[in-house]
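One structure is given below, encoded as structure tokens.
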Ligand SMILES: Cc1cc2nc3c(=O)[nH]c(=O)nc-3n(C[C@H](O)[C@H](O)[C@H](O)COP(=O)(O)OP(=O)(O)OC[C@H]3O[C@@H](n4cnc5c(N)ncnc54)[C@H](O)[C@@H]3O)c2cc1C
Ligand code: SF4
């Protein structure tokens, strides 16, 4: 088919949609603002719930886009709606006349330093979930020195009125439980605590992972929000929380604190949304045409979504959406551009 489809974002959503659209024989152009494809998946080590290596999934996605025209280090400078198409000027100077555009701009990780009371970027031994994934990939982080007591703080930047985000990030409970098990495997003598509000272990086999964390790895789950963290002279962390099940205050000394930073709307995606006045929800993620039947459509004809740009989701959900988006785009192009076949 002679239609041009532009995909913005080379994470799991953009890669999977590109592979499907290429199979449907569209001229597919994928742009990625960073210097490599894979989005956040390229930053993760192993995936919940079964600890599948992230690299395995990424390699499959990359193999499937062999032959798709990809521009790295490329963003959108401007995008305008023409009669039935989109005139897009890319930051590499190339202009694309796209018959359909798929926004797959994903999410940004919540900036943990905004929760000053947890001391990220201030205290040496406070890290994030993303830092821990990086540690497992590179096998090095100077902040992780044979810790004996480790804490995980759930809901950092999510479900939190103080940072203006009441939404749940969906994936960080499962990530915390997975990472708690992994760190216990690496440091079997360590005591590991998870401070949670509710545990949202909603997916298949997630509950088994939680049971394994309790029974096999002896992870201790404490229901309560951490209120304060301070660094002591020997660099250990004094953590104050309230156990809301027993209604008792807790004070505990830890060697390492891992913050479960949540998912926020991508700033680079938002910039494009603003150029076209794409509708957004109160949480900043893009609004789909309706909330049941048209999850891939936006308020503009020919402009579609896939993946985490419409809200937090897992990789399997992202990939399913990307396939649906490719089909929606195909249906749209067949209906509106039958003369181009
Ligand atoms: C700590 C953590 C751990 C996780 N672990 C798991 C797990 O184990 N299992 C699981 O199922 N899910 C996991 N997830 C969720 C998973 O990361 C997401 O489901 C997935 O990354 C969503 O893919 P995406 O393509 O929509 O977005 P992203 O991965 O964010 O990719 C978006 C891409 O678009 C690019 N982009 C953005 N804007 C532009 C622009 N204007 N121009 C060009 N390029 C642009 C970005 O650079 C990026 O490469 C985890 C999430 C977090 C926060
Ligand atoms: S998934 Fe869990 S840690 Fe993440 S915001 Fe929701 S309740 Fe909090």
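Give the residues of region 29-50 whose amide nitrogen is closer than 18 Å to a point set 7 Å from the Cα of residue 186 in the direction of its Cβ.
Hits in region 29-50 for residue 186 at 18 Å: 42-48, 50.
As I understand it, the value is the acute angle between the Cα axis of helix 315-336 and the longest principal axis of the Cα atoms of the chain; what does it come to in degrees, rounded to 10?
10
Kindly express, to the nearest 10 degrees and within the range 0 to 90, the angle between helix 12-23's C-alpha long axis and the longest C-alpha principal axis of the chain.
Result, in degrees: 30.
Residue 299 versus residue 77, label points 7 Å from Cα toward the beta carbon: distance in nm?
Roughly 2.8 nm, to one decimal.
How many nm is it between the label spots at residue 281 and residue 139, if each spot is 7 Å from the Cα in line with the beta carbon?
About 4.1 nm, to one decimal.
For region 112-263, rounded, prolate or oblate, judged on the Cα gyration tensor with a ≥ b ≥ c (square roots of eigenvalues), a/c < 1.5 rounded, else prolate if a/b > b/c?
Here region 112-263 falls in the rounded category.
Normalised by the number of residues in region 8-116, what is the relative contact order in percent for Cα pairs under 8 Å and 6+ residues apart?
That works out to 30 percent.
Where a ≥ b ≥ c are the square roots of the eigenvalues of the C-alpha gyration tensor, would you call the chain rounded, which needs a/c under 1.5, or, failing that, prolate if a/b is larger than b/c, or oblate?
Note, shape of the chain comes out prolate.
In terms of the Cα gyration tensor, with a ≥ b ≥ c the square roots of its eigenvalues, is region 180-244 rounded because a/c is under 1.5, prolate because a/b exceeds b/c, or oblate?
Judged from the Cα gyration tensor, region 180-244 comes out oblate (a/c at least 1.5, b/c at or above a/b).
Quick one: compute the contact order of region 112-263, relative version, from alpha carbon pairs under 8 angstrom and 6+ residues apart, as a percent.
This gives 33 percent for region 112-263.
How much of the DSSP bridge set in region 112-263 is antiparallel, in percent, rounded to the nearest 5?
45
Each label point is 7 Å from the Cα along the Cα-to-Cβ direction; what then is the distance between the points at residue 166 and residue 331, in nm?
Computed distance between label sites residue 166 and residue 331 equals 3.3 nm.
For region 159-220 and region 35-54, what is the centre-to-centre distance using only Cα atoms, to the nearest Å?
Between the Cα centre of region 159-220 and that of region 35-54, the gap is 18 Å.
Taking the highest mean first, how do the peptides 133-142, 212-221, 314-323, 256-265 order by number of other beta carbon atoms within 10 angstrom per residue?
Top to bottom by mean Cβ count within 10 Å: 256-265, 314-323, 212-221, 133-142.
Which whole-number percentage describes the relative contact order of the chain, with Cα contacts under 8 Å and a sequence gap of 6 or more?
So the answer I get is 21 percent.
In what sequence, highest mean first, do 74-81, 172-179, 277-284 appear when ranked by Cβ atoms within 10 angstrom?
172-179, 74-81, 277-284
Work out, step by step, the length gained on full extension between residue 253 and residue 124: first 0.36 nm times the residue separation, then minus their alpha carbon distance; give nm to one decimal.
Taking 0.36 nm per residue and subtracting the Cα distance, the gain is 45.0 nm.
If each DSSP helix of 4+ residues adds -39,500 (n - 2.57) and the sum is divided by the residues in the chain, what number results at 222 nm, nearest 500 deg cm²/dmol?
My calculation for the chain gives -8500 deg cm²/dmol from helical runs alone.
Output the 0 to 90 degree angle, nearest 10, between the alpha-carbon long axis of helix 172-186 and the longest principal axis computed from the alpha carbons of the chain.
50
Just so you know, all these numbers are worked out from the coordinates, no wet-lab data involved. The model shown is predicted, which means the values in this text are computed figures rather than measured ones. Reconstructed Cβ throughout: ideal geometry from the backbone, glycine too, with neighbour counts over all protein chains shown.
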